[in-house]
Every structure is written in structure tokens, then in C-alpha cells.
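The values are calculated or read from the model by the stated rules, or taken from the named source; none is laboratory data. Predicted model, so just to flag it, every value in this text is computed and none were measured. Please note: Cβ atoms are built from the backbone with ideal geometry, for glycine as well, and neighbour counts cover all protein chains shown. All accessible areas refer to the heavy atoms of the entire protein, side chains included, with ligands and DNA or RNA removed. Shrake-Rupley method; radii C 1.70, N 1.55, O 1.52, S 1.80 Å.
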Amino acid sequence: MSTRSPLTVAVGDWSARHRKTAVLGWLLFVVLATTLGSMAGSRSITDADNGVGESGRAVRALAAAGLAQPAAESVLVQADGFGATDPRFHAIVDATVAAVTATGRVDAVQSPYTSGAVSADGHSALVAFVMTGDPDTAGDRVQPVLDAVTEVQRAHPDALVVEYGTAGAQKSFNDVFASDFAGAEWTAVPLALGILLVVFGAAVAAVLPVVLAVTAFMGAFGLVALTTRFIPTSNDATSVMLLVGLAVGVDYCLFYLVREREERRAGHDPQTALRTAAATSGHSVLVSGLTVTAAMAGLFLTGIADMRAMAVSTIVVVLVAVLGSLTVLPALLSMLGDRVDRLQAPLIGRMRRTAPEGGGRLWAPLLRRVLARPLAFALAATVALLALAVPVAGMRTASLTAAQELPADNPVVHNGELIARAFSGSPLPATVVVRTPDPRGPAVTEAFTRFRQAALATGRLHEPITETAYPDKGLVVISVVLDGAGTDAPSVAALKALRGEVIPATLAAVDGAEVDVAGATAASVDFSDRLSRSALPVFAFVLTLAFVLMLVAFRSVVVAITAAVLNLLSVGAAYGALTLVFQHGFAASLIGARTVGAISSWLPLFLFVILFGLSMDYHVFVVSRIKEGHDHGLDTRTAIARGIGSTAGVVSSAALIMVGVFAIFGALSVTSLKEVGVGLAVAVLIDATVIRGVLLPAVMALLGERNWRRADRHLGPPPAARVQDPASPTVVVGSG
């Protein structure tokens with residue numbers, strides 16, 4: 001090794017010498033972070049926090065006036081045997097109005113006989129109202145309203161009486177999300193344990209990474225709660241933190257533990273084994289963690305609250321996982337010594353005593369073929385990945401509503417579809433906010449009349465169209481129903497007509513008036529537009545970061561460019577798979593996915609950032625071993641064969657754990673969680689197989705000695721290394 005020990009070796013040495021201090025210190029950190037986070041509570045993102053563009057201005061104007069965009073609700077009354085003109089239908093409507101009003105939880109209740117919200121066939125009508133209080137917590141207060149509607153339905157079995165709206169959907173989403181989150185926790189841990197048991201063949205070795213990953217997540221969860229005083233969090237951020245935290249926490253410990261076990265099996269004493277693991281795998285863990293952290297920081301460039309929340313959550317959980325892997329894991333390994341191989345599993349223990357290396361034997365036949373015909377395999381793999389990425393050209397993104405996040409068999413989804421079939425517009429209306437000095441002046445009144453006429457004339461905007469003036473606030477709030485389901489193409493076209501045609505010719509023509517449109521459709525369009533504008537800076541930031549990291553690590557422009565291009569192919573293929581499944585419905589039924597015609601707006605950018613960070617973990621690990629062999633004097637193709645062969649097992653095991661954890665999320669009920677799970681699972685699977693097993697060796701074999709051309713001699717020499725036989729597991733280089 002270098003005469004000057006790397007940071008990871010120094011930390012590992014300290015932990016091994018102060019084992020009790022390191023372990024107790026870790027436990028104290030987790031307990032304190034969890035306790036303080038629980039005491040402080042967490043602040044969630046509000047609509048005002050997350051609003052961008054025109055819809056964001058509208059939401060903030062309402063919030064500043066103490067109004068806040070209310071949670072709009074509707075009750076559908078539908079009867080096949082009689083219509084809205086029948087006294088029986090009228091009685092059901094009156095009973096519904098009375099029941100929801102009696103709860104004391106609603107305001108602005110409108111009968112369809114005054115609002116005109118009766119379907120064209122006369123057999124359906126909507127009772128409209130809004131929830132009182134904070135709209136962000138309306139889902140917590142809507143249950144009495146739902147109970148009241150249920151009682152009306154029970155009293156009138158000859159008609160259908162169901163509730164639909166923002167609060168009802170929010171409550172259902174929160175219930176499903178909580179159930180999914182708990183299920184993911186209880187499923188992911190046993191799955192990781194099972195995989196690790198197969199990998200190591202011993203219960204003690206299998207339990208260590210899982211325990212550290214779970215405690216790291218607990219500590220990170222508490223720390224994130226403390227940060228929400230400054231950067232509020234969200235359900236998406238919490239899900240991502242669990243997903244990434246368990247995956248990287250287990251993988252980081254796996255890398256470290258595998259290398260330490262290899263060294264012990266090679267006959268080295270415990271101290272040397274730990275120091276070698278710290279200098280190699282420990283360094284890779286540190287580089288990977290810092291890379292993920294830096295890549296996730298790119299999300300701050302979006303200026304979107306939800307993206308900032310996901311960045312903070314992921315950064316915190318990754319850094320805590322790195323801290324645990326580099327500190328408490330060496331201490332535990334020093335305590336346990338060879339007892340880490342205790343509690344051997346029958347059969348598995350005997351079969352997998354050299355588990356990680358077994359992967360190299362499985363990959364060897366394919367690797368020989370790849371190196372024999374690198375051009376053919378490189379072209380075949382590239383064409384396959386590009387073909388899978390073709391659907392990306394037609395990818396459509398949207399901010400999914402709570403109803404769109406729910407599974408197809410959820411009652412909220414069913415009720416929304418009933419309303420959409422009975423009426424030509426979305427059950428979630430647009431909100432037009434007019435800021436004017438004289439909300440009840442004749443100019444505004446006349447403009448609203450023309451607004452109603454122009455809106456209905458488009459054929460895309462529909463009744464009920466309501467107006468509420470707030471003279472003391474200088475605001476007029478108008479609600480109008482749009483075509484479509486809320487975030488689909490008809491709804492977007494209706495919003496475009498509202499913003500581009502109707503408002504400029506009517507409300508915006510009033511002197512001194514400022515008009516903005518909010519609502520689910522407007523928020524989705526504005527959010528997607530902001531993300532589109534942010535994509536280029538974020539992509540440039542992450543690509544530049546990856547390039548610089550590889551340049552510094554390997555002193556080669558060729559290796560740096562190769563890493564960036566391979567990662568782009570991997571991400572593109574994952575995007576294509578997402579589009580096929582969740583936008584076009586290909587094989588969606590196999591995983592219980594609901595096709596909503598779009599991908600969640602935040603997902604593509606998030607996937608790009610997180611996958612670049614995670615894939616660098618494998619890339620640095622594999623290419624470092626290849627470079628070790630080349631530096632020892634092997635030709636490039638032999639170094640590739642030795643390097644990939646010696647890392648294939650641990651990379652396969654680590655990827656299997658990540659794919660398993662991500663696949664659990666792909667099996668959950670919430671649409672966005674499914675998308676995250678499927679996207680990450682597909683990307684990691686492709687990265688660990690097609691990229692690392694086929695494309696990387698093929699491309700490096702084609703490039704030959706050009707892989708190692710120095711980029712800039714001013715970077716200085718590579719870190720000092722002690723190089724032995726390149727096939728030996730004790731080869732150590734400073735680059736990880």
C-alpha cells in the first residue's frame with residue numbers, strides 16, 4: 001500500500017482499534033437522530049411551496065390572501081330509471097345537499113338545479129362544494145363527508161350516490177401509500193436477507209449488511225425530519241429515501257464484507273484483510289457515495305420544492321450509509337473475526353463458500369465470446385439498447401393527480417370515471433384567479449359574463465362555471481370545468497384554449513387586472529414546463545461531474561467518455577421500458593400497472609441523476625480491477641478478462657439486491673412508486689448485465705491501448721499502489 005494510508009484505511013484502522021466506541025457511537029447516533037426527528041416532526045410540501053409558473057403565482061396569491069385553493073369536491077347522483085326532472089331525483093339531490101352541509105366540513109355547496117351541472121341525458125347530476133380549512137390537510141377531515149354520502153346512498157338504493165374530489169382522492173392516496181410503504185419495509189428486508197444468505201451461505205454475514213442498512217435509514221429519516229424546518233419533504237421523497245437507502249446501504253456493506261472475506265480466505269491476517277478491504281472496497285464506497293451525493297445535488301438546479309426534497313432525502317441517506325460502512329462495519333468485523341461465517345445455512349453454505357467468485361465462472365463463457373468478437377457484440381448490444389430506447393421519442397410526462405396514482409380498482413378511480421362518462425369535462429376544475437382593485441365593479445362583472453360565453457363557445461370548457469368575489473382581498477376566483485380527465489391531451493388542449501383564447505379576450509382586458517390559472521391540469525403543465533427547462537442544466541451538470549470523476553480516477557479521456565456514453569445508453573433503455581409499460585400499456589397487466597397515458601413528471605430527471613450516481617459505483621469498481629492488471633503488464637484484453645472475471649460475482653450479487661429491492665416497489669399500488677421501482681430495476685439490471693458484461697468489455701477491447709492514454713499529465717501520477725499478481729484478490733490501488 002501507499003506509505004500514506006488513504007482516508008478509508010485510517011478510518012477503518014481507528015474503528016478496528018476502538019471497536020466498542022465505534023459501535024456504541026453508531027447506535028447513539030441512530031437513537032438520537034431518530035428521537036430528535038420524531039420530537040421535531042416533519043413539515044410537508046404545500047401547493048404553495050411546489051407551485052411553479054402561472055399556476056404557482058395563482059396558488060401563492062390565494063395563500064397570501066388567506067384563501068388557499070380549496071379542495072373541490074363533487075357528489076355524483078345518477079339514476080337509470082328516472083331523470084333529473086323527476087321528483088324522486090330531486091329528493092335525492094336535496095338529501096345530499098343537506099347531508100354534506102350538516103357535517104360542518106364544507107362550504108359553497110351548490111345544487112345542480114342552480115349550477116346547471118346536469119348531464120346531457122338528464123340522468124346524472126353533480127352536487128359541488130369545497131372543503132373548509134387548509135386544503136393540504138383536507139384528506140384528514142373528509143371522512144365525515146364520505147360517511148354522510150354513504151348514508152344517502154343507503155337510504156336511496158334506487159340511485160347511485162358517490163363522492164369524488166381532491167380531498168377524497170387525497171385520503172385514499174394517503175391510505176394506500178401508508179399501506180404500500182409498510183409493505184415495502186417488511187418485504188424488502190427479508191428479500192435482502194434471503195439474497196445475502198445465498199451469497200454468503202452464513203446467517204451472520206447475511207444479517208450484518210441488512211442491520212446496517214436499516215439503522216442507516218432510521219438515522220437518516222430522523223435527520224431529514226430535522227431539515228424539513230428549512231426544506232419541507234414529501235411522500236415521494238420518503239419513498240425514494242427508503243428505496244435508495246436500503247439498496248445502497250446493503251450494497252456498500254456487501255462490497256466491504258466480500259473483500260474482507262476474500263482476503264481472509266487468501267490466508268491474510270485479520271488486520272491486513274480489513275486494511276485491504278478499506279483501501280479498495282472502502283474507497284469505492286466513498287467514491288460512490290460522494291458521486292451519488294454530487295449527482296443528486298443537480299436536482300437543486302430545478303428550483304422545484306419536490307425535487308429539492310428528494311435530493312436532500314437521498315443525499316442524507318446515502319451519506320449516512322457511507323458513514324456506517326466505513327466506521328461501524330470495520331468495528332463489527334474486527335469484533336467477529338472469522339465468526340462472521342457462523343451459522344452456515346445447510347447446503348447453501350457448502351455450495352457458496354466462494355459465492356461472489358462463482359459469478360465470475362458463470363460470466364466466463366460469455367466474456368470469452370465477447371472478447372473474441374468485440375465489434376459484433378458491441379454493435380448487437382448497442383442496437384438492442386437503442387431499440388429499447390426508441391419509445392422515448394414519444395414520452396409524455398404529467399403531474400399525476402391523486403386519483404391517477406391509485407390502482408384501477410380503487411373506488412376513487414371508479415367514481416372519477418363515472419363522472420367523466422356522464423359529463424364532458426374533468427371532475428377536477430381549473431381555478432382562475434383574477435387580481436383586480438375592484439372585484440365587484442361593472443367592468444369585472446361584464447368581463448365574467450363574456451368569459452362564460454367565450455368558454456362555452458370553445459367546446460372544451462364546460463359548466464358549472466362559478467364566480468366568487470373577495471372585495472377585501474382584491475380577488476375574484478372562478479372555477480371552470482375542462483375537457484378530459486385532468487392531465488390528458490384533451491385537458492391540456494382545454495387549458496391552452498382557456499389561457500390563450502378565452503382569458504386574453506375577456507378577463508385580462510379589464511384595466512389593472514392580472515389573471516392566472518391554477519388547478520390540477522395547470523399545475524401539471526407548468527411543472528412539466530419547468531422540468532423541461534431545467535433538464536439541460538441538470539444533464540450538463542451530471543454529465544460533467546461523471547466525466548471529471550472518471551478523468552481524475554483513471555487519467556484517461558477515453559475511459560471518461562466511455563463511462564458517460566454507456567450510462568446514457570443504460571438510462572435511455574430504462575426510459576424506453578417505462579414509456580412502453582406505463583404510457584402505452586405494454587405488459588402492464590403483468591405487474592398490475594395502471595396505464596394513465598403519461599409518466600410522472602419528476603421521474604425522468606430523477607432517474608437520470610440517481611442512475612448516473614449508482615452506475616458509477618459498478619463502473620469504478622470494475623474498471624479499477626481492469627486497470628490494475630494493465631498496470632501490472634498485462635495486455636488490455638487479458639486485463640479485461642481478469643478484471644471483469646474477478647468482479648463479476650460481487651457486481652452480480654450487489655445488482656441482484658438492488659433489482660430485488662426496486663422490484664418490490666414496482667409491485668406496489670401507487671403509480672409513481674411503480675414507475676420508480678420498474679425504472680430503477682430495469683436500469684440496474686441492464687447496467688449490471690448488458691453494459692458491464694457485454695458492452696464495456698467489447699468497447700474496451702476495441703479501443704485497446706487507447707483506453708489508457710493520459711488525459712493531462714498535469715493531473716499528476718496515479719496514487720501509489722502495491723501491485724501483486726493481477727489475479728490475486730489482494731491487488732490494491734488508490735483509485736478504488
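Residue pairs whose Cβ atoms lie under 9 Å apart, separated by 6 or more positions or on different chains, with the first residue in the range 44-55 and at positive phi and the second of a type outside the set (D, E, K, R) and open to solvent by less than 30 Å² (accessible area, probe 1.4 Å), are G53/A522; G53/F527.
All of G249, G282, G245 fail the test of being open to solvent by less than 10 Å² (accessible area, probe 1.4 Å) and either closer than 30 Å to D49 by Cα or among the β-branched types (V, I, T) (or both), apart from G245. Of the conditions (1) among the hydrophobic types (A, V, I, L, M, F, W, C); (2) modelled with pLDDT of 75 or more; (3) buried (at least 20 other Cβ atoms within 10 Å of the Cβ), L319 clears all except one; give me its number. (3) is the only condition that L319 fails. When the range 22-42 is filtered for residues that are open to solvent by 60 Å² or more (accessible area, probe 1.4 Å), assigned to a helix (DSSP H, G or I) and more than 18 Å from L329 (Cβ to Cβ), the ones remaining, listed by number, are V31, L32, T35, L36, S38, M39. For the range 56-90, a residue qualifies if it is in contact (Cβ under 8 Å) with a residue 60 or more places away in the chain, open to solvent by 10 Å² or more (accessible area, probe 1.4 Å) and outside any loop (DSSP other than H, G, I, E, B), and the qualifying residues are R57, V59, A61, A72, S74, Q78, R88. Conditions: (1) buried (at least 24 other Cβ atoms within 10 Å of the Cβ); (2) closer than 17 Å to V651 by Cα; (3) not aromatic (F, W, Y). V292 meets all but one. Number of the miss? With (1) buried (at least 24 other Cβ atoms within 10 Å of the Cβ); (2) closer than 17 Å to V651 by Cα; (3) not aromatic (F, W, Y) applied to V292, the lone miss is (2). Just one of (1) surrounded by fewer than 21 Cβ atoms within 10 Å (Cβ to Cβ); (2) out of contact with any strand residue (DSSP E or B) (no Cβ under 8 Å at 6 or more places or on another chain); (3) among the aliphatic types (A, V, I, L, M) fails for A563. It is (1).
Of everything in the range 153-208 that is open to solvent by less than 50 Å² (accessible area, probe 1.4 Å) and aromatic (F, W, Y), the residue that is nearest to R105 (Cα to Cα) is Y164. Taking each residue of the range 557-579 that is within 19 Å of M395 (Cβ to Cβ) and looking for partners that are outside any helix (DSSP H, G or I) and modelled with pLDDT under 90 with beta-carbon atoms closer than 8 Å, six or more apart or interchain, yields Y575/M395; L578/M395; L578/I599; T579/M395; T579/I599.
Please go through the range 148-175 and pick out each residue that is of a type in the set (A, V, I, L, M) and either over 30 Å from A237 (Cβ atoms) or at pLDDT below 85 (or both). Within the range 148-175, A148, V149, V152, A155, A159, L160, V161, V162 meet the criteria. In the set A683, A593, A667, only one residue is aliphatic (A, V, I, L, M) and open to solvent by 30 Å² or more (accessible area, probe 1.4 Å); that residue is A667. Here T280, T272 are screened, and the one residue that is in a helix (DSSP H, G or I), over 21 Å from G613 (Cβ atoms) and not acidic (D, E) is T272. No other residue among G613, G576, G572 is outside any loop (DSSP other than H, G, I, E, B), open to solvent by less than 10 Å² (accessible area, probe 1.4 Å) and either modelled with pLDDT of 85 or more or in contact with a strand residue (DSSP E or B) (Cβ under 7 Å, 6 or more places away or on another chain) (or both) apart from G576. Inside the range 647-701, can you point out the residues that are acidic (D, E) and in contact with a strand residue (DSSP E or B) (Cβ under 6 Å, 6 or more places away or on another chain)? Across the range 647-701, the qualifying residue is only E675.
Considering the range 415-534, the qualifying strands (runs of 3 or more DSSP E), each wholly inside and each with 1 or more residues that are more than 24 Å from T46 (Cβ to Cβ), at pLDDT 90 or above and open to solvent by less than 60 Å² (accessible area, probe 1.4 Å), run over 461-470. Against the numbered list (1) free of Cβ contacts under 8 Å to residues at least 24 places away in the same chain; (2) among the small types (G, A, S); (3) over 30 Å from F300 (Cα atoms); (4) open to solvent by 50 Å² or more (accessible area, probe 1.4 Å), S111 comes up short only at (4).
Evaluating S15 against the criteria (1) modelled with pLDDT of 85 or more; (2) surrounded by fewer than 21 Cβ atoms within 10 Å (Cβ to Cβ); (3) more than 30 Å from A469 (Cβ to Cβ); (4) out of contact with any strand residue (DSSP E or B) (no Cβ under 9 Å at 6 or more places or on another chain) leaves one unmet condition, (2). Looking at A553, is it assigned to a helix (DSSP H, G or I), in contact with a Leu (Cβ under 8 Å, 6 or more places away or on another chain) and in contact (Cβ under 8 Å) with a residue 24 or more places away in the chain? No: the conditions fail for A553. Residue count for the range 214-242 under the criterion of being closer than 21 Å to F612 by Cα, in contact with a Phe, Trp or Tyr (Cβ under 9 Å, 6 or more places away or on another chain) and open to solvent by less than 10 Å² (accessible area, probe 1.4 Å): the result is 4. Just one of the listed residues (L385, L400, L366) is in a loop (DSSP other than H, G, I, E, B) and at pLDDT 70 or above, and it is L400.
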